[in-house]
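Novice: I have a structure here, written as structure tokens, and I will follow up with some questions on it.
The values are calculated or read from the model by the stated rules, or taken from the named source; none is laboratory data. What you are looking at is a predicted structure, and each value in this text was computed from that prediction instead of being measured. Glycine gets a Cβ as well: all are built from the backbone with ideal geometry, and neighbour counts include every protein chain shown.
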Amino acid sequence: MELSMSLKQFRRLLDLVYIGNWVLNSTRGDERITEFDDVEALVFEKCKSLGMANLTEPLDGSAIPSRAFAEGGIHEAIMEYEDTIFFEILAEELARRDIVNEGGTEEDTDQINERIGAYIAEFERNGTDNIVLNL
């Protein structure tokens, strides 16, 4: 198979491959999905021949993203995504809980969406500062 792209597009592909493998494998510990590690290694191996050797380093005979790559801002993008998803999931879970606790049902989508919006607005203003847990 042959794939043709500019160096800028290839650099973006590196980001996409790294983010994808991070999402799929970062929480798996010793149970990584090695097929995704293999694809990442295959793509990062190309860095050497394209003048981007600083973005990769060897590990056990494979090419992996270098420390320079990993510390070059990609984790900020991942963290921004994680923060957004965290607050969206939390808002939806709280909204569903509230509606059900008030006698509604999971099918009350208009009420749930309205409550989600209120929670999102609160989180945008105050983050988690106003969350209280009664344990």
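Novice: Residue under question is residue 72, and the condition is that it be surrounded by 12 or more Cβ atoms within 10 Å (Cβ to Cβ), outside any helix (DSSP H, G or I) and of a type in the set (Gly, Ala, Ser); does it hold? Write out each step before concluding.
Specialist: Details: surrounded by 12 or more Cβ atoms within 10 Å (Cβ to Cβ): yes; outside any helix (DSSP H, G or I): no; of a type in the set (Gly, Ala, Ser): yes.
No: the conditions fail for residue 72.
Novice: Checking residue 116 against (1) at pLDDT 95 or above; (2) hydrophobic (A, V, I, L, M, F, W, C); (3) in the same structural domain as residue 14 (by TED's automatic domain parsing), which test does it fail?
Specialist: Condition not satisfied by residue 116: (3).
Novice: Now for a separate question. Output the residues belonging to the range 87-135 that are surrounded by fewer than 10 Cβ atoms within 10 Å (Cβ to Cβ) and not in a helix (DSSP H, G or I).
Specialist: Selection gives 103, 106, 107, 129, 130, 132, 133, 134, 135.
Novice: Only one of 31, 57 is among the acidic types (Asp, Glu), outside the structural domain of residue 79 (by TED's automatic domain parsing), exposed (fewer than 14 other Cβ atoms within 10 Å of the Cβ) and under 21 Å from residue 78 (Cβ atoms). Can you tell me which?
Specialist: When all the criteria are applied, what remains is 31.
Novice: While we're looking at this one, here's another question. For the range 1-54, enumerate the residues that are on the phi > 0 side of the Ramachandran plot and part of a helix (DSSP H, G or I).
Specialist: Selection gives 29 alone.
Novice: Going through 74, 89 one at a time, which residue ends up being on the phi < 0 side of the Ramachandran plot, at pLDDT 95 or above and hydrophobic (A, V, I, L, M, F, W, C)?
Specialist: Values: 74 fails: at pLDDT 95 or above.
The match here is 89.
Novice: Further question: Quick check on residue 77: is it among the aliphatic types (A, V, I, L, M), exposed (fewer than 14 other Cβ atoms within 10 Å of the Cβ) and assigned to a helix (DSSP H, G or I)? So that I can check it myself, show each step before the final result.
Specialist: Numbers: among the aliphatic types (A, V, I, L, M): yes; exposed (fewer than 14 other Cβ atoms within 10 Å of the Cβ): yes; assigned to a helix (DSSP H, G or I): yes.
Here the answer is yes, as residue 77 does meet what is asked.
Novice: Hey, residue 69 hits all of (1) modelled with pLDDT of 95 or more; (2) under 15 Å from residue 10 (Cβ atoms); (3) aromatic (Phe, Trp, Tyr) but one; which does it fall short on?
Specialist: Against the list (1) modelled with pLDDT of 95 or more; (2) under 15 Å from residue 10 (Cβ atoms); (3) aromatic (Phe, Trp, Tyr), residue 69 comes up short only on (1).
Novice: Do you know which residues across the range 58-68 are assigned to a strand (DSSP E or B), under 23 Å from the mean Cα position of the chain (by Cα) and farther than 18 Å from residue 7 by Cα?
Specialist: Of the residues in the range 58-68, the ones assigned to a strand (DSSP E or B) are 58-59, 62-65.
Adding the requirement that they be under 23 Å from the mean Cα position of the chain (by Cα) leaves 63-65.
Answer for the range 58-68, where residues must be assigned to a strand (DSSP E or B), under 23 Å from the mean Cα position of the chain (by Cα) and farther than 18 Å from residue 7 by Cα: 63, 64.
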